[in-house]
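**Q** For reference, the structure I am asking about is given below.
The values are calculated or read from the model by the stated rules, or taken from the named source; none is laboratory data. As the structure is a prediction and not an experimental result, all values here were calculated from the model. Quick reminder, even Gly has a Cβ in these numbers, built from the backbone with ideal geometry, and neighbours come from all protein chains shown. To get the accessible areas, we keep the full protein, side chains included, count just its heavy atoms, and leave off ligands, DNA and RNA. Shrake-Rupley method; radii C 1.70, N 1.55, O 1.52, S 1.80 Å.
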Amino acid sequence: MAALREGNMSHIDRRQFVAGLIAQIPDALIVTGLGSAAYDVFAAGDRDENFYLWGAMGGAAATGLGLALARPERKVVVVTGDGEMLMGIGTLATIAARAPDNLSVVVLNNGHFGETGMQPSHTSCGTRLESVAQGFGIAHTLTLESIDGLTALVAQIQARSGAVFADVLIAVDEPPRRLPPRDGSFVKNRFRRALGLSPF
């Protein structure tokens with residue numbers, strides 16, 4: 001099976017992209033997938049409004065959906081990787097069905113399972129995540145192959161005209177790990193306080 005990304009590799013720097021995204025949506029609630037996506041979001045600057053997932057493989061989009069439905073007045077942005085998204089791919093069907101206009105799912109796609117040894121993921125073997133999201137019925141989808149696409153993504157997030165899905169083709173590299181807090185209770189309680197809720 002021919003690798004989809006061979007010879008057509010994107011060179012988007014993941015850290016630059018995530019930092020630029022968060023800087024332009026400072027009021028958004030951020031939910032991360034486990035591993036590198038969490039490291040990238042933390043490297044861009046720790047915030048009380050960041051909810052880092054550590055071991056919940058496949059759960060980032062579902063967590064973001066629940067949060068978006070519970071807090072419709074806030075923009076919710078899920079930042080995750082292609083491997084994590086593939087494991088929770090069915091959540092996109094529920095996102096399409098519920099169609100929250102405040103939810104965006106941003107997938108950092110390097111075509112590999114970065115946390116388990118950089119084995120090729122399905123997106124290296126033909127799976128096109130934007131096409132999958134379109135098939136489920138997500139209202140607004142994008143594939144970004146350069147940092148210039150960030151402007152269009154931010155415009156879609158700010159417009160709040162329907163759920164957004166972005167497949168961001170990042171370079172295959174492993175920047176130094178920047179580890180966010182690993183205490184789940186601390187992260188949860190801090191996040192709840194940022195929403196004006198009791199920590200319990």
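**Q** Please indicate, with yes or no, whether at least one residue in the range 71-88 is among the charged types (D, E, K, R) and in contact with an Asp or Glu (Cβ under 7 Å, 6 or more places away or on another chain). It would help to see each step written out before you state the result.
**A** Within the range 71-88, the subset among the charged types (D, E, K, R) is 71, 73-75, 82, 84.
Now restrict to residues that are in contact with an Asp or Glu (Cβ under 7 Å, 6 or more places away or on another chain): 75.
For the range 71-88, residues among the charged types (D, E, K, R) and in contact with an Asp or Glu (Cβ under 7 Å, 6 or more places away or on another chain): present.
**Q** Scan the helices (runs of 4 or more DSSP H) fully inside the range 2-112 and keep the ones with 2 or more residues being at pLDDT 95 or above. Lay out the reasoning, then the answer.
**A** On the way: elements: 14-24, 36-43, 60-70, 82-87, 91-98.
Where helices (runs of 4 or more DSSP H) fall fully within the range 2-112 and carry at least 2 residues being at pLDDT 95 or above, they are 14-24, 36-43, 60-70, 91-98.
**Q** Taking the range 126-165 on its own, how many of its residues are charged (D, E, K, R), free of Cβ contacts under 8 Å to residues at least 60 places away in the same chain and closer than 16 Å to M85 by Cβ? Working first, answer last.
**A** Initial filter on the range 126-165 (charged (D, E, K, R)): 128, 130, 145, 148, 160.
Still in the running and free of Cβ contacts under 8 Å to residues at least 60 places away in the same chain: 130, 148.
Those left that are additionally closer than 16 Å to M85 by Cβ: 130.
Going through the range 126-165 one residue at a time, the tally reaches 1.
**Q** Inspect the range 115-138 for any residue being β-branched (V, I, T), at pLDDT below 95, within 21 Å of A37 (Cα to Cα) and surrounded by fewer than 20 Cβ atoms within 10 Å (Cβ to Cβ) and give the result as yes or no.
**A** Yes: the range 115-138 contains one or more residues that are β-branched (V, I, T), at pLDDT below 95, within 21 Å of A37 (Cα to Cα) and surrounded by fewer than 20 Cβ atoms within 10 Å (Cβ to Cβ).
**Q** Taking only pairs six or more apart or across chains, which ones have beta-carbon atoms under 6 Å, a first residue in the range 41-63 that is in contact (Cβ under 8 Å) with a residue 24 or more places away in the chain and under 16 Å from A19 (Cα atoms), and a second residue that is assigned to a loop (DSSP other than H, G, I, E, B) and open to solvent by 30 Å² or more (accessible area, probe 1.4 Å)?
**A** The qualifying pairs are F42/R178; A43/R178.
**Q** Checking Q158 against (1) open to solvent by 30 Å² or more (accessible area, probe 1.4 Å); (2) within 21 Å of I89 (Cβ to Cβ), which test does it fail?
**A** Looking at each condition in turn, Q158 falls short on (2).
**Q** Give all pairs with beta carbons closer than 6 Å in which a residue from the range 166-190 that is at pLDDT below 85 meets a residue that is among the basic types (K, R); count only pairs at least 6 apart in sequence or on separate chains.
**A** P175/R15
**Q** Sort through R177, R192 and tell me the only one that's open to solvent by 30 Å² or more (accessible area, probe 1.4 Å) and more than 24 Å from R15 (Cβ to Cβ).
**A** R192 is the lone residue from the list that is open to solvent by 30 Å² or more (accessible area, probe 1.4 Å) and more than 24 Å from R15 (Cβ to Cβ).
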